[in-house]
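Data block below; observations after.
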Protein chains: 2
Amino acid sequence: MQLDTRFSFFAAAIVSLILLAAPTTSSAASEEKLVDMTFPFSEESIYWPTDKPFTPTVVFKGITDGGWWYASNQYAASEHGGTHVDAPIHFHEHGRTIGQVPLQEWIGPAVKIDVTGKSLANRDYQLSVEDLLAWEKKHGPIPQGAWVIMYSGIDDRFYPNRKEVLGTDKTGMDAVAELHFPGFSPEAVDFLLANRAITGIAVDTPSIDPGSSKDFKAHRALCKAQKLALENIANLDKIPESGAMLYVIPMFIQNGTGAPARVFAKLP
Amino acid sequence: MQLDTRFSFFAAAIVSLILLAAPTTSSAASEEKLVDMTFPFSEESIYWPTDKPFTPTVVFKGITDGGWWYASNQYAASEHGGTHVDAPIHFHEHGRTIGQVPLQEWIGPAVKIDVTGKSLANRDYQLSVEDLLAWEKKHGPIPQGAWVIMYSGIDDRFYPNRKEVLGTDKTGMDAVAELHFPGFSPEAVDFLLANRAITGIAVDTPSIDPGSSKDFKAHRALCKAQKLALENIANLDKIPESGAMLYVIPMFIQNGTGAPARVFAKLP
């Protein structure tokens, strides 16, 4: 009996180890399942019609006097275009700059609100409090530190087609009146700020406010609350509605009101 | 006896679960231990004496006609300055651009080679094959996919003091002959490319070649092998010599020969 008991003890220990081995190994592996959610920066990147677009310049490209190849470029752009973030100072006088937001704060659970049907049918659609509550009914409460993401389906389908994404392919002040794309309703932003401990809000369109907005209430409320914004996010079709972790990694511009960002999701 | 055996089985299972619970919980936590290893971009950022430095421009900062605060900037710079990466096309005609390197490739184990004593005593120090082998004697073989990092201690102590970091605070062509800072010896780079499956090499100085180099052999060999470089990395004193994971996250410039990067380490 003593031998039997010992055998049983070790057999149980081995069974437990086998049962736990799979998840433990997978979470420790360096091969995490990552999805790049960034549009590349080029002359085609989408910027606000009044903003300076991404402008690369070749400085040297060819064989040097020394006999070897060398290539080097410069770039210039607005802080607000392509896949990029807004710092709270963008729309609030006492908001933080990019340099004042710690790295860790940019990382949080991804809450993907699917409004593709409504957005593709109506380019002026505004994500509502009801859309947020419908997500929570399905997936539970919006987790602490979440990035709440509007999934309109527009960037995935049309970026960098300016006419489809912005509603106009004109540039300059005249184009602003022709902007049409979905965004967060002021009520949805106010609800999140009052009732959920979010990190920020994100969109697969050029702005968290809808294109038709004249008063930028989503930006103003979010920045006043010192929260973060992320715009023109790519590949939203490749992450689940719940359970992914979003890494929003901005260029570290000390006095930045915004910055280009490399964004990726770690899948559950 | 049947009961005893059952009890023993469950007792063993519980012991195993308790033993495994701690590491499993800690690796699943969202509060990872991250260290930001990026210097902020500003007019003070260190660039090559002949390159365009980081140049921010305020586009608007103040109260709009609508009555709310608004602030927005532009930026312009060389791709090669501050905390930044080099793509293989920088020194090889058939090398990949930033847009051609997948996100996952930029992430790898951090191998920190401490040459602070030699580097601070001799600003022309070149990291040697012997320095690499000394690390392996202490920590085991350089892991697959590693970022092999020269830790000179110079950026941590002196960045953005140009005289201390570059060896000169002059700009333009005349400054190039006065550059002095440590880097990788050509032999150390060739050894790594021939014998270890690395992701790239990194330095806490402005270039992987030493400042005194006239032929850029480290860059040329590394780029020819389609490997990656990382320059002006910060906070190397805050990561261990072995066991951290390095996330090198560049701005996604499609045709980039290099790019500003946000770099962080996940501590073991």
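Side notes on the structure shown:
- Size of charge dipole - chain B - debye, nearest 20, with Cβ of Lys, Arg +1 and Asp, Glu -1, no other charges: 420 debye
- Structure remark: mean-square fluctuation, Gaussian network model of chain A, C-alpha springs under 10 Å; the largest value among A:A146, A:A194, A:A234 belongs to A:A194.
- Other copies of A:P102: label-to-label distances in nm, shortest first, labels 7 Å along the beta-carbon direction: 3.3
- Between B:E187 and A:E32, the modelled label-to-label distance comes to 3.9 nm, taking each label 7 Å out from Cα in the direction of the beta carbon.
- Charge-dipole axis of the protein assembly as shown as Lys and Arg at +1 and Asp and Glu at -1 on Cβ define it, positive-most pick from B:A177, B:L103, A:A76: B:L103
- Here is how far apart the A:V176 label points are across copies: 4.6 nm, shortest first, using a point 7 Å from Cα toward Cβ.
- Scalar couplings 3J(HN,Hα) for the stretch A:189-194, obtained by applying the Karplus form with A = 6.51, B = -1.76, C = 1.60 to θ = phi - 60°, are 5, 4, 4, 5, 5, 7 Hz; x denotes Gly and Pro.
- Distant-in-sequence amide H partners of B:F41 (H built 1.01 Å from N, under 5 Å): A:F252, A:I253, A:Q254
- Close amide H contacts of A:I249 (hydrogens built in the peptide plane, cut-off under 5 Å, sequence separation of 5 or more or a different chain): A:R262, A:V263, A:F264.
- Annotation for the stretch A:196-268 versus the stretch A:113-167: alpha-carbon center distance of 12 Å.
- Residues in the stretch A:61-66 carry Karplus couplings, in order, of 7, x, 8, 7, 4, x Hz; the curve used is 6.51 cos²θ - 1.76 cosθ + 1.60 with θ = phi - 60°, and Gly or Pro positions show x.
- Total buried accessible area between A and B, probe 1.4 Å, nearest 100: 6300 Å².
- The trypsin sites (Lys or Arg not before Pro) of the stretch B:182-244 that DSSP puts in a loop, and whose beta carbon has at most 15 other beta carbons within 10 Å, are B:K214.
- Each Lys and Arg adds +1 at its Cβ and each Asp and Glu adds -1 at its Cβ; summed about the Cα centre, the stretch B:190-268 shows a dipole of about 240 debye.
- Whole-percent carbon and sulfur share, accessible surface of the protein assembly as shown, 1.4 Å: 56 percent
- Shortest-first nm distances, B:V58 label point to equivalent points in other copies (7 Å, Cα→Cβ): 3.7
- C-alpha long axis of helix B:129-139 to longest principal axis of chain B, angle in °: 30 degrees
- The dipole here belongs to the stretch A:160-203: it is taken about the Cα centre, uses +1 on the Cβ of Lys and Arg and -1 on the Cβ of Asp and Glu, and is about 140 debye.
- Karplus (6.51, -1.76, 1.60) ³J(HN,Hα), θ = phi - 60°, over the stretch A:218-230, in Hz, Gly and Pro reported as x: 5, 4, 5, 5, 5, 5, 4, 7, 6, 9, 10, 10, 9
- When the pairs A:K170/B:K52; A:K61/B:K224; B:K52/B:K163; B:K33/B:K112; B:K217/B:K266; A:K266/B:K137 are compared against a 26 Å limit on Cα-Cα distance, A:K170/B:K52; B:K217/B:K266; A:K266/B:K137 fall above it.
- Across chain A, the fraction of Cα-Cα pairs farther apart than 27 Å, rounded to a whole number, is 44%.
- Computed with a 1.4 Å probe over protein heavy atoms only, the accessible surface of the stretch A:193-256 comes to 30 Å² per residue.
- Over the protein assembly as shown, the fraction of Cα-Cα pairs per 10 Å bin, rounded to whole percents and listed from the shortest bin up, is 4, 17, 26, 23, 16, 9, 4, 1, 0.
- Chain B: most fluctuating residue of B:A121, B:A202, B:A71 per GNM, C-alpha cutoff 10 Å: B:A71
- Farthest towards the positive end of the charge dipole of the stretch B:34-149, among the residues B:L132, B:P88, B:S42, is the Cα of B:L132, using unit charges on the Cβ of Lys, Arg, Asp and Glu.
- For chain A, the longest principal axis of the Cα atoms and the long axis of helix A:2-28 meet at an angle of about 10 degrees.
- Leading residue at positive end of dipole, the protein assembly as shown (Cβ point charges), from B:G153, A:T168, A:L192: A:L192
- GNM flexibility winner over chain B from B:P102, B:P182, B:P240 (Cα, springs under 10 Å): B:P102
- Each DSSP beta bridge with both residues in the protein assembly as shown is either parallel or antiparallel, and the antiparallel ones are about 65%.
The values are calculated or read from the model by the stated rules, or taken from the named source; none is laboratory data. Treat the numbers as computed from the prediction; the structure is a model and nothing was measured. Cβ: placed from backbone, ideal geometry, glycine included. Neighbour counts: every protein chain shown. Surface areas here come from the heavy atoms of the whole protein model, side chains and all, with no ligands, DNA or RNA. Shrake-Rupley method; radii C 1.70, N 1.55, O 1.52, S 1.80 Å.
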